[in-house]
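Written out below as structure tokens is the structure these notes cover.
The values are calculated or read from the model by the stated rules, or taken from the named source; none is laboratory data. Computed from a predicted structure; not experimentally measured. For the accessible areas, the whole protein counts, side chains as well, though only heavy atoms, and no ligand, DNA or RNA atoms are used. Shrake-Rupley method; radii C 1.70, N 1.55, O 1.52, S 1.80 Å.
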Amino acid sequence: LNAAFTSAKSSLVPASISLDVSWQQMDFTYYPAAEQIWDPETHSYVNVGDPTWVANENSNVISVENNSNVDLVLDFDYTAKEGFEAISGEFYSNGTLIESDGLALACGSAADVSLTVKGELPLDTEDNTSGATVTLTVSRG
């Protein structure tokens, strides 16, 4: 009887985590109201509708490529800075909201994640003010 044996230990490959992450400036334009209408009683314009945020030239995209030999889970977090707590951010991949359990990213695959912002900007905010931080946390899938 001839037999060949392979140790399970020798067939294990250690996990190697490697990512390429790129992002744009995260630059948005804020529109305070969907419409302004004239109020004849106060002789002034009144904002009607929700404020709107528009990303400037796709500047809201985070691109991630998994070059690892293992699957990964990506968790994105938007944290408003002091004074900007009325503004929130959500992350989407292929038009689908990324839930609290994160975005699964198989080894050898890539994803584009977009940030959307909503809420009211304080009236006294100067142009090009940073109102939040975005954090990407990577864990093994």
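General observations
- Residue-normalised accessible area of the range 1-135, given per residue in Å² at a 1.4 Å probe: 71
- Measuring with a 1.4 angstrom probe and ignoring ligands and nucleic acids, Val113 comes out at about 0 Å² accessible.
- With 10 Å bins from 0: P(r) over the chain, alpha-carbon pairs, percent: 10, 30, 24, 16, 9, 6, 3, 2, 1, 0, 0
- In sequence order, calculated HN-Hα J values of the range 121-131 (Karplus, 6.51, -1.76, 1.60; Hz; x Gly/Pro): 7, x, 4, 8, 6, 7, 4, 6, 8, 7, x
- Cut-off under 5 Å, modelled amide H: who pairs with Ser59 long-range: Asp27
- Extension gain, Asn67 back to Val48 (0.36 nm per residue minus Cα-Cα distance, nm): 2.1 nm
- Rg/Rh for the range 17-91 stands at 1.20; both radii use Cα atoms, and Rh follows the Kirkwood definition.
- Overall form of the range 41-82 per C-alpha gyration tensor (a/c, 1.5; a/b vs b/c): prolate
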